[in-house]
Every structure is written in structure tokens, then in C-alpha cells.
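Worksheet: one structure, shown below.
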Amino acid sequence: MDITQLTPITATPPNPEVASTTAQISSDFETFLKMLTAQMQYQDPLNPVDSTDYATQLATFSGVEQAVLTNDLLRSLSTQMTTGELVEMAALVGKEVRTQGPAYFDGQPMTLLPTRTVASDSAELVVRNAAGDELQRQPIPPGAETVQWAGVGPNGAPMPAGVYQFEIQSTSNGQVIAQNPVASYNTVNEVRLEAGVTMLVLSGGITVASDQVTALRDADL
């Protein structure tokens, strides 16, 4: 089974400071133009502005203009980088990614990856529906790295397809000492950009940030 471990995948969010600074500089730039134009239009022809002063003002004009162009370029590059990352992340569509949190049950047994507290003497898999209501508990063997959940109710009937929540409840001497999330694999159906953050839409409509992905594999494994 080819499973690729991933370091967190982080999209580059657009820098709001760039847009804010650009807007401020653009406003100052326009104000400067108006003032310089008014000065040239209404200056006393018998006592015109000294050429040295004009040269200084034009140098200032050039500096402000360059600042506007530079910030426009930075904003454009930021947008291109974010879009480029989105295009790259589109390659995940159709793949299975491992994340912690809710998982989609399609009627087939699921392989879950629990995190058990070392100091515990027993642990259970707690299953809840999407609303958070507890449905069943399943003992976890000591040292188990994976857990099979068949999705079958107490009466032996299969549970309906849908989104379920899982956690590992560890106990010691009869006392609950930890409640840890469970990881699972879900298929990526869509990649979208929300407020500069790359989000993955998984089976069942589950959405997770791309930096929550810890492993990747082909969907047919």
C-alpha cells in the first residue's frame, strides 16, 4: 500500500497589509498630483517656483509613483502565488487524505487510526453521529495501530451512510484520563479557496484546511 506521509500543506494567504498600504499610497499619490498641478497652474508668473524646488518635487513624485507600482506588483504576485497553489492542490481531487475529525461512512467497513494514551490500561472507540449523539462503544485492543469499524448497530443492522464522529476514550483504574481524536481516510471531491486558505471538500461534504492533511494515498487502496 503506497501511503505518502505529508508535512503540513499551507496555502499562502493574501497579505492584507499590502492592499491597505497600496490604497494609502495611491491616495497620497493622487493628492500629490493635484497639489503639484494646482501649484503650476496658479503660480505667480512674475515670481515662478524655483527650478530646484520643481526638481525636488518631481523627484518626490517619481518616488511615490514607484511605491504605488511596487505595491501593485506585490499584490499581483501574492494573488498569482495563491492561485498557483490552488492549481497544484487540485491534483488531490480523487485521492484519499488522512485527517483527524469527522469521517464519511458509505456502508462499507472503515479503517480508523486511533491515538491511545500510553498510561491507560484500557481504551474504547466512541462513535457519535453528526449531531454528536453517542451511538456505540467498541473496545480497542492494547497497542492497536488500526481499528476496523463495521458500521453495524447493536441489532446487527447496518447504520445509515453519513458523517460520523469518532474518538478514543482512554481509562486508567476505571477513570477516564484522555479523549483523543481518531484519524481516517476520506476522498477529496473538491479543492476551494476560502479567505486565502486552501480548503479540501471530502466525501459527505466534510471540509478541512489543507494543512490538516497528514498522509495521502490512491483511492483504490
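The values are calculated or read from the model by the stated rules, or taken from the named source; none is laboratory data. These numbers come from a predicted model, not from an experiment. A quick note on method: Cβ atoms are made from the backbone with ideal geometry, for glycine too, and the neighbour counts reach across all protein chains shown.
A count restricted to the stretch 165-188 and to residues that are of a type outside the set (A, V, I, L, M) and touching a Gly at 6+ places or on another chain (Cβ under 8 Å) stands at 4.
Look at (1) in contact (Cβ under 8 Å) with a residue 40 or more places away in the chain; (2) surrounded by 15 or more Cβ atoms within 10 Å (Cβ to Cβ); (3) small (Gly, Ala, Ser); (4) over 14 Å from Gln108 (Cα atoms) and you find that Gly151 fails only one, number (4). Against the test of being outside the structural domain of Asp211 (by TED's automatic domain parsing) and within 26 Å of Ala209 (Cα to Cα), the options Gly94, Gly162 yield a single qualifying residue, Gly162.
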